[in-house]
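The values are calculated or read from the model by the stated rules, or taken from the named source; none is laboratory data. Nothing here was measured: the structure is a model prediction, and the numbers come from that model. Virtual Cβ from ideal backbone geometry, glycine too; neighbours counted across all protein chains shown.
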Amino acid sequence: MIGVELHKMVRDRRTWVTIGLLDALPTLVAILLAVTDLGPRPGTGPAFLSAVLADGKLFPLAAIAIVLPLFMPAAVAVVAGDAIAGEAQSGTLRYVLVRPVGRTRLLVAKLVSVVSFVLLAVLVVAATAYITGSLLLGNQSIAATTTSVSGTALSTQELAGRTGLALVYAILSMLGVAAIALFLSTVTESPLAAALGTLAVLIASTLLLTLDAATSLHPYLPTRYWLSFVDLFRDPILWRNVGRGAGLQAAYVAVFLAAAWANFTTKDVTD
Amino acid sequence: MIKTQGLTKRFGRIVAVDKLDLDVREGDIYGFLGANGSGKTTTVRMLLGLVLATSGDIRVLDQPMPRSSRSVLPHVGALVEGPAAYRHLSGRANLAAFDAMAADGRRADRLRRVDAALEQVGLGAVDNRPLRAYSLGMRQRLGIAGALLRKPRLLVLDEPTNGLDPQGIREIRDLLLSLHAAGTTIFLSSHLLAEVEQLCTRVGVLAQGTLVIQQDLDTLQRPTGRTFVRTPDVAQVRSLLDGQVEVHDDDSLLIRVSDAAELNARLVEAGVRVHELSPERHTLEDVVLAATEAGNGRRADS
């Protein structure tokens, strides 16, 4: 079943259109920066963007920072929201279940497919950004040092390792989104409702983060630590928020997957 | 093959299916009749484990459902409330995908199985266009092919001829009859009396969630004890069979005689010319309507 799901995802044109669109924004930013040479001043704009003019190898990180707040979660919400609800809407869910594919197994297969999509999306964005960054933007760091956010030098090796960690962190953040969308996907028969519901949760979270009255809630909001991967580029690495973010996302994943399972395995399939 | 006891399904306060005792025996072509909204589809979904019963027992292939889904469903082919398939894949790719979901056997065997099923429903020559370019009839045929993939012992078909032209309906009917002859038990849910009359050996009628009839078709269509006669010599018949002529309409008569052969002999002896003569039978339509109305009446009383 997992193989069938992966095959379906890879064969579906929508997967590649989504990733293409996701990729378009950072590429556009890279082109604009290269043409105008006008980077945001340090400390403003998306993370790392002020540094990429000097060092194109930081552009994958900048690209992730560009898509992480909205584009990436929207894409993940659409794909994960479609997982069960899409099959229900097209009527194929009943035929999958009587094949028979156990409900738990179907949910696991969908989860694997969604996780693969997240991986694929993050890696494609990072890889494209690496290429555009190297081609279009500064390559000052040929001398093998990059400046960390704290101002000290990082070797290329260190930079690669920390970039890897940052990508893992971004993927984990998106898995939280995927779990929420997958749960909603088992609740409604409309993939649109599942995706929009997930986005509503994320927008509410972002909004509450700006509200002082909600301070006590902040550590539990799903978007709270998304951009904390920047801390991985401090010297020494500031683990506190990264650790909390990872723990929080793991909790969201666990709770919403359990809810999705409990709901889906006891649900009347009446689409 | 299918046995339910006290099967009940409530959606909130609405009772969709009420204490259903279905009994489908091996070798039946069981016609499951009922108006729209009578609970047919909910019942079919419960048999397949899609909808979970509120109370009651279901046994399919002598095993409890939905607990034994994994061992039961591979032997059951189903078409539930119209066909459905992935729109961006071709018919063949769709069947291959569905088949691979609960994969067994080697890949080459499975592909052969897909081809065989397409052949059976008359889609053997179909090209590789995606499903969204299929007509309604082609989708219906593909749905039936999906049900036939595993050479099931039991076919559960919900409105299998929906969307087909007369030619297609006939082909599917012939296909079902040949499968039945080869030993497949068929549970056919339909609201088309004619379809059930032509195909089925046994009939169950659902009215507002209650089973009002469950009987062999032959028994339901038993003779009424009257004989239908069409003759130009009406007056002669009337005088010959005084008092036994019940209905008289132009040249058609209904005569209260159950033995058609004996009646024929008497008429011929008397020199009466006869166009047509046959024992009158209960029609499925009359039986179903009577039972459905009785069922509704009972419900209104209670």
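For the subset of region B:62-71 comprising residues that are loosely packed, with under 15 Cβ neighbours inside 10 Å and more than 10 Å from chain A (Cβ to nearest Cβ), which member is nearest to residue A:91 (Cα to Cα)?
B:67
Here is a list: B:80, B:44. Which entry is within 7 Å of chain A (Cβ to nearest Cβ), under 24 Å from residue B:139 (Cα atoms) and under 15 Å from the mean Cα position of the chain (by Cα)?
B:80
Against the condition β-branched (Val, Ile, Thr), within 14 Å of chain B (Cβ to nearest Cβ) and either part of a helix (DSSP H, G or I) or closer than 15 Å to residue A:66 by Cβ (or both), how does residue A:29 come out, does it pass?
No; evaluated as a whole, the condition is false for this residue.
Which of the following residues is in contact with a helix residue (DSSP H, G or I) (Cβ under 6 Å, 6 or more places away or on another chain) and among the small types (Gly, Ala, Ser): B:37, B:49, B:27?
Sole residue among the options that is in contact with a helix residue (DSSP H, G or I) (Cβ under 6 Å, 6 or more places away or on another chain) and among the small types (Gly, Ala, Ser): B:49.
If you scan region B:174-200, which residues turn out to be farther than 21 Å from residue A:98 by Cα and outside any helix (DSSP H, G or I)?
Hits for region B:174-200 are B:182, B:183, B:191, B:192, B:200.
Tell me which of these residue A:238 doesn't satisfy, since it passes every other one: (1) under 30 Å from residue A:97 (Cβ atoms); (2) more than 14 Å from chain B (Cβ to nearest Cβ).
Among (1) under 30 Å from residue A:97 (Cβ atoms); (2) more than 14 Å from chain B (Cβ to nearest Cβ), the lone unmet condition for residue A:238 is (1).
Would you say residue A:185 is hydroxyl-bearing (Ser, Thr, Tyr), in contact with a Phe, Trp or Tyr (Cβ under 6 Å, 6 or more places away or on another chain) and either surrounded by 21 or more Cβ atoms within 10 Å (Cβ to Cβ) or in a strand (DSSP E or B) (or both)? Steps first, answer last, please.
Values: hydroxyl-bearing (Ser, Thr, Tyr): yes; in contact with a Phe, Trp or Tyr (Cβ under 6 Å, 6 or more places away or on another chain): no; either surrounded by 21 or more Cβ atoms within 10 Å (Cβ to Cβ) or in a strand (DSSP E or B) (or both): yes.
No; evaluated as a whole, the condition is false for this residue.
Within the group B:7, B:48, B:61, B:52, which residue is of a type in the set (A, V, I, L, M), free of Cβ contacts under 8 Å to residues at least 60 places away in the same chain and touching a Leu at 6+ places or on another chain (Cβ under 8 Å)?
B:7
Considering region B:72-105 alone, what residues qualify as being small (Gly, Ala, Ser), crowded, with 20+ Cβ neighbours inside 10 Å and touching a residue at least 40 places away in the same chain (Cβ under 8 Å)?
Answer for region B:72-105, where residues must be small (Gly, Ala, Ser), crowded, with 20+ Cβ neighbours inside 10 Å and touching a residue at least 40 places away in the same chain (Cβ under 8 Å): B:77, B:78, B:84, B:85, B:91.
Looking at region B:218-240, is at least one residue under 30 Å from residue B:23 (Cα atoms), polar (S, T, N, Q) and in a helix (DSSP H, G or I)?
For region B:218-240, residues under 30 Å from residue B:23 (Cα atoms), polar (S, T, N, Q) and in a helix (DSSP H, G or I): present.
Of all residues in region B:269-288, which are out of contact with any helix residue (DSSP H, G or I) (no Cβ under 7 Å at 6 or more places or on another chain) and either aromatic (Phe, Trp, Tyr) or not in a helix (DSSP H, G or I) (or both)?
Listed by number, the residues that qualify are B:271, B:273, B:275, B:276, B:280, B:281, B:283.
Check B:108, B:116 and return the single one that is modelled with pLDDT under 90, away from chain A (no Cβ under 14 Å), more than 21 Å from the chain's Cα centre (by Cα) and surrounded by fewer than 18 Cβ atoms within 10 Å (Cβ to Cβ).
Just one listed residue meets the conditions, B:108.
Can you pull out the residues in region A:92-110 that are surrounded by 16 or more Cβ atoms within 10 Å (Cβ to Cβ), more than 7 Å from chain B (Cβ to nearest Cβ) and either of a type in the set (Ser, Thr, Tyr) or in contact with an Asp or Glu (Cβ under 9 Å, 6 or more places away or on another chain) (or both)?
Answer for region A:92-110, where residues must be surrounded by 16 or more Cβ atoms within 10 Å (Cβ to Cβ), more than 7 Å from chain B (Cβ to nearest Cβ) and either of a type in the set (Ser, Thr, Tyr) or in contact with an Asp or Glu (Cβ under 9 Å, 6 or more places away or on another chain) (or both): A:93, A:106, A:109, A:110.
So, in region A:238-269, exactly how many residues are outside any helix (DSSP H, G or I) and surrounded by fewer than 16 Cβ atoms within 10 Å (Cβ to Cβ)?
2
Need a quick list: helices (runs of 4 or more DSSP H) entirely within region A:60-137 having at least 2 residues that are among the basic types (Lys, Arg).
A:103-136
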